[in-house]
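In what follows, a single structure is set out as structure tokens and then discussed.
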């Protein structure tokens, strides 16, 4: 069954279709009068009476729901970041993405975070490098935060923050891995 038979056109659709129908020229071999008849028939549809209005009820409108982000990400809180920087909280894993292409780094980072999540690790270090070639930031340094905000990573990562100087500074970041559902 065609979709057109299932649903009548809205007023906006009728207006749009009328504009489109008036702007086209008939195919060669098609008689202009036939095409004009079809346009006139459609024009009569444009002027069709509106559907009967629904009875108005006096209920208060429901509040609009905000779209729920499945796994919101937050920065690592300051006390945790300080403990990581001073070595009072262990960094339970490290991955170095130096010298890799974006696709290689993306795959390695995703698999590393999956393993860390499965092993119940909470804080890991991701080294991207500063990549200061030609006076610009490195591509991985710019790309990794964007990757961490995508759905495959959001399910694994609850937050990230630039690492302290002795852990790599601007070329590394602390990543807090979500707690696994099974728990350890």
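For first residues located in the range 107-118 and in the same structural domain as residue 144 (by TED's automatic domain parsing) and more than 10 Å from residue 95 (Cβ to Cβ), partners that are surrounded by 15 or more Cβ atoms within 10 Å (Cβ to Cβ) and modelled with pLDDT under 95 and lie 6+ apart or on another chain with Cβ distances below 6 Å form the pairs 117/156; 117/177.
Check whether at least one residue in the range 128-144 is assigned to a loop (DSSP other than H, G, I, E, B) and at positive phi, and report yes or no. Looking for residues that are assigned to a loop (DSSP other than H, G, I, E, B) and at positive phi, one finds at least one in the range 128-144, hence yes. Of all residues in the range 84-118, which are in contact with a strand residue (DSSP E or B) (Cβ under 9 Å, 6 or more places away or on another chain), at pLDDT below 90 and in a helix (DSSP H, G or I)? If the condition is that a residue be in contact with a strand residue (DSSP E or B) (Cβ under 9 Å, 6 or more places away or on another chain), at pLDDT below 90 and in a helix (DSSP H, G or I), then 84, 85 are the ones that fit.
Do we have any residue at all in the range 154-163 that's touching a residue at least 60 places away in the same chain (Cβ under 8 Å), assigned by TED's automatic domain parsing to the domain that holds residue 85 and more than 24 Å from the chain's Cα centre (by Cα)? Yes, because at least one residue in the range 154-163 is touching a residue at least 60 places away in the same chain (Cβ under 8 Å), assigned by TED's automatic domain parsing to the domain that holds residue 85 and more than 24 Å from the chain's Cα centre (by Cα). Only one of the numbered conditions (1) modelled with pLDDT of 90 or more; (2) farther than 20 Å from residue 76 by Cβ is violated by residue 157, and that is (2).
The values are calculated or read from the model by the stated rules, or taken from the named source; none is laboratory data. Fair warning: this is a prediction, and the values are worked out from it, not measured in the lab. With ideal geometry, Cβ positions are generated from the backbone for all residues, glycine too; neighbour counts draw on all protein chains shown.
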